[in-house]
Amino acid sequence: MWRARNQDELASLFDIVVRHALDYLGRDTKHPLSTHEAHQLLRTQLGGDLPAAGQGSTEVLEQFIAAAEPGLSPSTSGRFFGFVTGGAYPVAVATEWLTSIWDQTPVLHVSSPAAAVVEETVAGWLTQLFGLPTATSVGITTGCAAANLIGLAAARHHVLAAVGWDVGSAGLIGAPAPRVLASRGCHVTVTRAARLLGLGGQIHLVDTDEAGRMRLDHLADLLATTHGPLIVCGEVGNVDTGAVDPVAAVAELTHAHGGWLHLDAAFGMWAAASPRLRATVPGLAGLDRADSWATDAHKWLNVPYDCGIALCAHPAAHLAALRAQADYLPSASDGVRHPMDYTPEMSRRARALVLWTTLRHLGADGVAELVERCCALARRMADQLARVDGVTVLAEVTLNQVLVRFTPPPHGRSPDPRDAAAAWDPAAYETPAEDAHTEAVVGAFQRGGVGWASPTRWRGRTALRLSVCNWQTDAATVDAAVAALVTAHRAPPPAAVTAHPPALPRPSHPHDDDLIPEGTA
């Protein structure tokens with residue numbers, strides 16, 4: 001009898017979820033996008049003290065949906081260009097439901113043989129898709145914040161072992177201090193990972209060019225004064241411009257000094273799935289010469305949050321940095337791959353399941369088509385905006401990021417730092433009127449409902465960052481967004497009305513895994 005009641009309850013709950021899912025996802029082409037600053041309403045409906053008495057599950061679920069909806073971001077829409085947020089393929093959504101239903105714990109092979117084998121299979125697929133060395137080890141984790149931590153942990157172990165120091169047994173006190181050279185445009189999670197690993201005091205930033213790419217001359221200068229363990233951190237896809245560091249040259253310089261090259265490739269890694277982009281995008285050639293990589297599947301692969309991937313060309317260093325031993329755990333010599341050995345988490349969701357179905361659904365050709373299409377749409381958007389008086393495209397479109405700035409009437413194009421990158425002076429281009437106008441355009445665009453995008457700071461100036469990485473985005477979507485931006489630019493709202501989220505002090509390169517209120521990547 002209990003089982004029958006339980007099945008009936010599940011059927012009722014699933015019916016509510018399916019009806020809501022179809023309604024919510026089906027609204028994209030019928031209703032304008034909107035965001036709500038209804039914080040007090042949300043606190044009223046979702047907050048308060050925990051009731052002493054419970055209530056029926058279907059009633060709770062329906063109340064929860066109604067209460068939460070006013071505060072949901074429109075991030076699943078193909079018209080969402082904010083941060084670097086992908087949507088979710090239908091097969092990925094369905095697989096996430098199965099992942100919760102099956103509720104597997106892929107700590108060990110024995111705790112979920114299916115999840116363990118799926119993860120092992122996906123690791124091989126990803127290595128092949130990205131063109132990496134066949135021996136590359138892979139860990140499936142929460143996102144690039146964790147994946148960068150994993151890559152740098154392996155790097156720390158490797159470079160210290162090379163000078164005779166076992167950080168796993170001896171710790172860091174008294175160890176030779178590894179020097180960390182990171183791109184000035186690096187992601188905040190790279191430097192945060194270095195701090196968490198005890199390397200914060202050894203971070204030195206490498207200057208970048210007008211597009212945000214690491215400057216090889218400055219890297220060479222820093223390397224000339226580096227003596228001892230070395231870790232270099234590059235970017236494959238600058239969070240604002242999408243630019244890629246000159247990876248092959250950076251790898252050559254790094255390895256010539258006995259260092260380890262880690263690449264933060266949160267979204268840019270997926271461009272390597274396209275043979276055409278790999279051959280034509282500056283910097284992507286030589287991607288396989290790095291020592292570790294970090295990327296997100298919940299960005300350009302369009303699987304639901306969260307799903308990050310850490311890859312390492314040196315499995316021994318990867319395992320030495322993360323593997324844990326205990327009497328109740330299987331021996332490392334049992335010949336079976338255990339997922340827990342490749343990430344810091346033991347308790348973990350079976351994230352590889354959604355990777356298996358999505359990659360199998362798309363195939364290698366489908367992934368390549370997705371990233372190529374998004375890049376083409378980003379170029380289409382930039383080309384249209386560049387033809388509008390008073391709009392400046394601040395960097396050449398490399399991948400899927402478009403960075404623009406708006407000049408208030410009378411329209412005169414703002415000075416372009418690309419024209420004099422070497423002598424660029426932030427004070428010379430500090431134009432509060434342009435900042436205010438750009439913020440006003442962003443706010444009007446967000447409120448207008450045709451699309452949604454987010455502001456950033458680039459070279460000390462306010463800019464609009466548009467990211468194209470949703471599988472549903474098409475040419476008509478892009479054209480409509482451009483038209484709405486032009487309308488907002490030519491007839492902006494009052495200057496007192498600013499963009500949502502409000503402009504607050506924030507790092508130049510916030511990250512999606514932080515989920516900080518003022519912006520994510």
Next on the checklist: Please go through the stretch 151-174 and give me each residue that is surrounded by fewer than 22 Cβ atoms within 10 Å (Cβ to Cβ) and among the charged types (D, E, K, R), ordered by number.
Outcome noted: D166
Checklist entry - Somewhere in the stretch 460-476, is a residue at pLDDT 50 or above and in a helix (DSSP H, G or I)? => result yes
Next on the checklist: From the list F14, F64, exactly one residue is farther than 30 Å from R447 by Cα, without any contact (Cβ under 8 Å) to a residue 24 or more places away in the chain and within 33 Å of the chain's Cα centre (by Cα). Which is it?
Outcome noted: F14
Checklist entry - What number goes with the only condition from (1) buried (at least 24 other Cβ atoms within 10 Å of the Cβ); (2) not hydroxyl-bearing (S, T, Y); (3) not in a loop (DSSP other than H, G, I, E, B) that L284 does not pass? => result (3)
Item to check | Residue count, the stretch 50-88 (criterion: among the charged types (D, E, K, R) and farther than 28 Å from A11 by Cα) | outcome: 1
Checklist entry - Could you say which residue among P339, P330 is within 23 Å of S112 (Cβ to Cβ) and either buried (at least 24 other Cβ atoms within 10 Å of the Cβ) or in the same structural domain as V236 (by TED's automatic domain parsing) (or both)? => result P339
Next on the checklist: Being of a type in the set (G, A, S), under 30 Å from T280 (Cα atoms), surrounded by fewer than 21 Cβ atoms within 10 Å (Cβ to Cβ) and modelled with pLDDT of 90 or more is the requirement here; does A422 meet it?
Outcome noted: no
Checklist outcome for this item: Subset of the stretch 202-218, residues part of a helix (DSSP H, G or I) and free of Cβ contacts under 8 Å to residues at least 24 places away in the same chain, comes to D217, H218
Next on the checklist: Given the criterion out of contact with any strand residue (DSSP E or B) (no Cβ under 6 Å at 6 or more places or on another chain), in a helix (DSSP H, G or I), surrounded by 17 or more Cβ atoms within 10 Å (Cβ to Cβ) and not assigned by TED's automatic domain parsing to the domain that holds T473, identify the matching residue among V122, V117.
Outcome noted: V122
Next on the checklist: Checking I101 against (1) among the β-branched types (V, I, T); (2) under 21 Å from R349 (Cβ atoms); (3) surrounded by 16 or more Cβ atoms within 10 Å (Cβ to Cβ), only one condition comes out false. Which one?
Outcome noted: (3)
Item to check | Pick from the stretch 248-302, criterion touching an Asp or Glu at 6+ places or on another chain (Cβ under 7 Å) and farther than 20 Å from T189 by Cα, ranking: modelled with the lowest pLDDT | outcome: G283
Checklist outcome for this item: Within the stretch 298-321, residues being more than 23 Å from the chain's Cα centre (by Cα) and either buried (at least 24 other Cβ atoms within 10 Å of the Cβ) or touching a residue at least 12 places away in the same chain (Cβ under 8 Å) (or both) number 6
Checklist outcome for this item: Of the residues in the stretch 175-201, those that are assigned to a helix (DSSP H, G or I) and surrounded by fewer than 16 Cβ atoms within 10 Å (Cβ to Cβ) come to R195, L196, G200, G201
Checklist entry - What is the one condition in (1) among the charged types (D, E, K, R); (2) surrounded by 12 or more Cβ atoms within 10 Å (Cβ to Cβ); (3) within 28 Å of the chain's Cα centre (by Cα); (4) outside any loop (DSSP other than H, G, I, E, B) that E9 does not satisfy? => result (3)
Checklist entry - For the stretch 232-253, which residues satisfy the criterion of being over 11 Å from G268 (Cβ atoms), in a loop (DSSP other than H, G, I, E, B) and in contact with a His (Cβ under 8 Å, 6 or more places away or on another chain)? => result D240
Item to check | Residue list for the stretch 168-185, restricted to those being touching a residue at least 40 places away in the same chain (Cβ under 8 Å) and either out of contact with any strand residue (DSSP E or B) (no Cβ under 6 Å at 6 or more places or on another chain) or of a type in the set (V, I, T) (or both) | outcome: G168, P176, A177, V180
Checklist entry - In this structure, does G259 turn out to be in contact (Cβ under 8 Å) with a residue 40 or more places away in the chain, under 20 Å from T280 (Cα atoms) and crowded, with 20+ Cβ neighbours inside 10 Å? => result no
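To keep it simple, each residue is scored yes or no on (1) more than 30 Å from L466 (Cα to Cα); (2) of a type in the set (D, E); (3) assigned by TED's automatic domain parsing to the domain that holds A116.
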{"position": "L263", "(1), (2), (3)": "no, no, yes"}
{"position": "A271", "(1), (2), (3)": "no, no, yes"}
{"position": "R276", "(1), (2), (3)": "no, no, yes"}
{"position": "A279", "(1), (2), (3)": "no, no, yes"}
{"position": "G283", "(1), (2), (3)": "no, no, yes"}
{"position": "D291", "(1), (2), (3)": "yes, yes, yes"}
{"position": "G308", "(1), (2), (3)": "no, no, yes"}
{"position": "L311", "(1), (2), (3)": "no, no, yes"}
{"position": "P315", "(1), (2), (3)": "yes, no, yes"}
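The values are calculated or read from the model by the stated rules, or taken from the named source; none is laboratory data. Computed from a prediction, not measured in an experiment: that's the story for all the values here. As a convention, Cβ positions derive from the backbone with ideal geometry for all residues, glycine included, and neighbour counts pool all protein chains shown.
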